[in-house]
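Report on the following structure.
The values are calculated or read from the model by the stated rules, or taken from the named source; none is laboratory data. Quick caveat, the model's predicted, so the values are computed rather than measured. In this analysis, Cβ positions are derived from the backbone assuming ideal geometry, glycine residues included, and neighbour counts consider all displayed protein chains.
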Amino acid sequence: MLNLLKKYIVDSQIYVSLMGTLLTLFFMAERIPFRSALILLIFLTFLNGYLYTKYQMTRRLFGYVLLFNTLTFIFCVTVIIHRHHPESLIKWLFIIILGFLYNTQFLNTFIRKIPFIKIFHVALVWALINSWLIMPVIQWDVFFITFFLVSGLILPFDIRDMQYDTVTTFPQIIGIQNTKYLAYLLLFFSSLIAVFSLQLNFAICYSLSVAVGFIFIYFAQPSRADVYYSFGVETVSGLPFLLHLLQKLF
């Protein structure tokens, strides 16, 4: 069952895209009204970015991915033009370009090749989506909450990949344990900002999610199965919204 979930949900990049969208929904619930078109736009933005990054060097599949990217790009632009202010299109295109620069193989130098920058670039893109793209004006507290959370949650993936990653990463330089300390610190900063800036019920949900993140970081090792990271650690991003839903039910 886990292998099927990994093949069709995790490897297809649907899961990480869903978790990213749920994190966005969490901040949307706390700050602005729900808009179904915006939610779909966010999900497709995540999905397109992760599909492109994962499959751009896979000749057999990349043609299909590129076709999907093109069709959804046209769809998203149409939705933004008809449902949102033109400024939203500029924001969205800027974020798309940032994602494109992250890991585009035909560029001589792309962000993923620069040591230590990878985690912060991905965190920047997520933070801009949650604090800038979906908001009327940029919400700096949401920006830093997201930035620190995502930075901290990427570090366990660097621990997983440290034995064969060709780009210098934190675990390779400072070791596994110190990388975990750094991840704890980043998640702590994220939770601290959330406690002082989010509504109480949202802050509680967020802090509980960070606590779960601490547990996943604690047990992270290169020998752990990939599903531990691609399913377990990824779930932490979507947990605040899921806990918020449970809170509303009870």
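Values as computed for the structure displayed
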item: Residues being surrounded by fewer than 18 Cβ atoms within 10 Å (Cβ to Cβ) and either assigned to a helix (DSSP H, G or I) or modelled with pLDDT of 95 or more (or both) - total across the range 1-17; result: 9
item: Leu25 being of a type outside the set (D, E, K, R) and modelled with pLDDT under 85; result: no
item: Whichever residue in the range 91-141 is among the polar types (S, T, N, Q) and modelled with pLDDT of 95 or more and, among such residues, is surrounded by the most Cβ atoms within 10 Å (Cβ to Cβ); result: Asn130
item: Subset of the range 192-250 [within 27 Å of Gln139 (Cβ to Cβ), touching a residue at least 24 places away in the same chain (Cβ under 8 Å) and among the small types (Gly, Ala, Ser)]; result: Ala194, Ser197, Ser209, Gly213, Ser237, Gly238
item: Qualifying residue in the range 129-142 (condition: within 12 Å of the chain's Cα centre (by Cα) and under 30 Å from Ser223 (Cβ atoms)); result: no
item: Selection from the range 26-59 of residues that are of a type in the set (D, E, K, R) and either under 14 Å from the mean Cα position of the chain (by Cα) or surrounded by fewer than 16 Cβ atoms within 10 Å (Cβ to Cβ) (or both); result: Arg35, Arg59
item: Selected residue (only one of Leu66, Leu38, Leu61, Leu71 is within 27 Å of Val142 (Cβ to Cβ) and either of a type in the set (A, V, I, L, M, F, W, C) or in contact with a Gly (Cβ under 8 Å, 6 or more places away or on another chain) (or both)); result: Leu38
item: Sole residue being modelled with pLDDT under 95 and either more than 22 Å from Ile145 (Cα to Cα) or surrounded by 15 or more Cβ atoms within 10 Å (Cβ to Cβ) (or both), chosen from Phe202, Phe219, Phe250; result: Phe250
item: Some residue of the range 60-68 being assigned to a loop (DSSP other than H, G, I, E, B) and either over 14 Å from the mean Cα position of the chain (by Cα) or charged (D, E, K, R) (or both); result: no
item: Long-range neighbours under 9 Å by Cβ, at least six apart or interchain, first residue touching a residue at least 24 places away in the same chain (Cβ under 8 Å) within the range 68-81, second of a type in the set (S, T, N, Q) and in a helix (DSSP H, G or I); result: Thr72/Thr45; Thr72/Asn48; Phe73/Asn48; Cys76/Thr45; Cys76/Asn48; Ile80/Ser88
item: Candidate set from the range 143-167 (those that are surrounded by 14 or more Cβ atoms within 10 Å (Cβ to Cβ) and of a type in the set (Val, Ile, Thr)); member that is farthest from the chain's Cα centre (by Cα); result: Val167
item: Number of the exception - Val236 against (1) surrounded by fewer than 17 Cβ atoms within 10 Å (Cβ to Cβ); (2) at pLDDT 95 or above; (3) among the aliphatic types (A, V, I, L, M); result: (1)
item: The one condition in (1) buried (at least 17 other Cβ atoms within 10 Å of the Cβ); (2) among the β-branched types (Val, Ile, Thr); (3) more than 20 Å from the chain's Cα centre (by Cα) that Val195 fails to fulfil; result: (1)
